[in-house]
1. Scan region 119-130 for residues that are part of a strand (DSSP E or B) and modelled with pLDDT under 95 and jot them down.
2. Across region 162-182, what is the total count of residues that are buried (at least 16 other Cβ atoms within 10 Å of the Cβ) and either within 14 Å of Gly62 (Cα to Cα) or more than 15 Å from the chain's Cα centre (by Cα) (or both)?
3. Can you find, within region 98-111, the residue that is farthest from Ser180 (Cα to Cα) among those that are open to solvent by less than 40 Å² (accessible area, probe 1.4 Å) and under 22 Å from the mean Cα position of the chain (by Cα)?
4. Is it the case, given these coordinates, that Ile120 is among the hydrophobic types (A, V, I, L, M, F, W, C), touching a residue at least 24 places away in the same chain (Cβ under 8 Å), at negative phi and open to solvent by 10 Å² or more (accessible area, probe 1.4 Å)?
5. Are there any pairs, at least 6 apart or on different chains, whose C-beta atoms fall under 8 Å, with the first in region 173-194 and part of a loop (DSSP other than H, G, I, E, B) and the second open to solvent by 20 Å² or more (accessible area, probe 1.4 Å), and if so, which?
6. Determine the pairs where a residue that is among the hydrophobic types (A, V, I, L, M, F, W, C), located within region 46-61, has a partner that is part of a loop (DSSP other than H, G, I, E, B) with Cβ atoms under 6 Å apart, the partner being 6 or more residues away or on another chain.
7. Criterion first (without any contact (Cβ under 8 Å) to a residue 60 or more places away in the chain, open to solvent by 20 Å² or more (accessible area, probe 1.4 Å) and within 18 Å of Gly31 (Cβ to Cβ)) does Glu94 satisfy it?
8. How many residues does region 76-118 hold that are closer than 20 Å to Leu188 by Cα, not aromatic (Phe, Trp, Tyr) and not in a helix (DSSP H, G or I)?
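The values are calculated or read from the model by the stated rules, or taken from the named source; none is laboratory data. Quick caveat: nothing in here was measured; it's all calculated off a predicted structure. For neighbour counting, all protein chains shown are included, and Cβ atoms are generated from backbone atoms with ideal geometry for every residue, glycine included. These area figures cover heavy atoms from the full protein model, side chains too; ligands, DNA and RNA do not enter into them. Shrake-Rupley method; radii C 1.70, N 1.55, O 1.52, S 1.80 Å.
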Amino acid sequence: KMNKLYVTFIALLYLSGCAVMEDQIDINYIGRGNIDVVDGADKVNVTVTKHDRRSVYKDRVGVKLNGYGMEMAKITSNKDVSEIFSKAVEFELENLGFNIGSGGKIVKVEVVRFYNDFKIGWWAGDAVADGLIQIIVMSKDEQILFSRSYEGGFINKNIQLATGANAKVALEGTLTDLISKIAGDKELHNALLR
């Protein structure tokens with residue numbers, strides 16, 4: 001009888017171990033295809049800077065849930081979240097034809113929100129991620145030329161486990177959604193060309 005209790009205890013510990021251990025994920029950005037170069041962009045130098053303005057959950061991008069929907073271990077990004085966004089914006093601006101480097105106009109990429117929240121359903125759940133990014137364009141003498149907030153999100157539907165792997169899909173989808181809105185903003189292009 002003691003052996004059965006011991007085996008049951010070990011099995012339960014093993015099954016719950018996934019929920020109590022922190023998940024570290026790599027959030028990657030894959031650039032957009034079929035991009036039209038902005039006329040005159042090759043004459044504009046741009047410096048991209050990063051800022052993390054998240055007021056809550058700076059230490060995570062989500063939390064794992066157990067089968068009862070209770071919050072368990074943190075889900076963290078292996079890379080600095082503000083760096084992920086600034087590098088993605090830099091990549092897209094370069095694809096649009098702008099010269100990336102020192103000097104010229106300053107593009108401040110401020111991460112205000114970037115988080116995944118699991119929604120538990122009867123048979124399956126969803127990983128629901130969303131983000132809010134502030135882009136500020138400044139001249140060399142730090143005059144603000146442009147400022148806009150961009151919101152985006154992505155839902156990884158019908159998942160069985162509230163883990164880092166499922167949060168990663170939703171967070172990467174959110175990253176792609178936000179960056180495509182930023183990179184496709186004609187008013188941002190015009191501010192950089194001005």
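1. Pass one, region 119-130, residues part of a strand (DSSP E or B): 119, 125-130.
Passing the criteria: Lys119, Gly125.
2. Of the residues in region 162-182, 11 are buried (at least 16 other Cβ atoms within 10 Å of the Cβ) and either within 14 Å of Gly62 (Cα to Cα) or more than 15 Å from the chain's Cα centre (by Cα) (or both).
3. Ranking the qualifying residues of region 98-111, first place goes to Ile106.
4. Working: among the hydrophobic types (A, V, I, L, M, F, W, C): yes; touching a residue at least 24 places away in the same chain (Cβ under 8 Å): yes; at negative phi: yes; open to solvent by 10 Å² or more (accessible area, probe 1.4 Å): yes.
Judged against the criteria, Ile120 is a match.
5. Asp185/Arg148; Arg194/Leu145
6. Between residues of region 46-61 that are among the hydrophobic types (A, V, I, L, M, F, W, C) and residues that are part of a loop (DSSP other than H, G, I, E, B), the close pairs are Val46/Phe98; Val46/Gly104.
7. Working: without any contact (Cβ under 8 Å) to a residue 60 or more places away in the chain: yes; open to solvent by 20 Å² or more (accessible area, probe 1.4 Å): yes; within 18 Å of Gly31 (Cβ to Cβ): yes.
For Glu94, the condition - without any contact (Cβ under 8 Å) to a residue 60 or more places away in the chain, open to solvent by 20 Å² or more (accessible area, probe 1.4 Å) and within 18 Å of Gly31 (Cβ to Cβ) - is met.
8. The number of residues fulfilling the criteria is 16.
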